[in-house]
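First comes the structure, then the notes that go with it.
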Amino acid sequence: MNQISTQFVAEHMLKTGKQYSAATLGLELGINSKVASAKLFNIRVSSKYKCLVTQKPNRKIKVTSIDGVTISKGKLWDLAIFNKPLNLEVIA
């Protein structure tokens, strides 16, 4: 069984820009909700990741940066290779 890394999950979350619960993340990535919950916990408590966290119950997490980078590697590759616009949002 392939392991999915916390880094991969965080990159996916940053790229989509969506808020995720363990259930929604699990469905989108094809992993069970216990694994998704563990990844979300790692993201939430690590200083490597910056995120917005809603209160319990039904906590949702949105990754806003990874190691200070606010644009996912996937979006940067899209810009470099395919010249796709970044569609950056201004956060006030």
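With a cut-off of 11 Å between beta carbons, the residues surrounding residue 26 carry a summed charge of +1, where Lys and Arg count +1 and Asp and Glu -1.
Calculated mean residue ellipticity at 222 nm for the chain: -13500 deg cm²/dmol, from DSSP H runs with n ≥ 4 weighted as -39500 (n - 2.57), summed, divided by the residue count and rounded to 500. Scalar couplings 3J(HN,Hα) for the range 17-23, obtained by applying the Karplus form with A = 6.51, B = -1.76, C = 1.60 to θ = phi - 60°, are x, 8, 8, 10, 9, 4, 5 Hz; x denotes Gly and Pro.
Read the figures in this text as sums done on the coordinates, not as results from a lab. Given the structure is predicted, the values throughout are model-derived calculations rather than measurements. Positions of Cβ are generated from backbone atoms using ideal geometry, with glycine treated the same way; all protein chains shown enter the neighbour counts.
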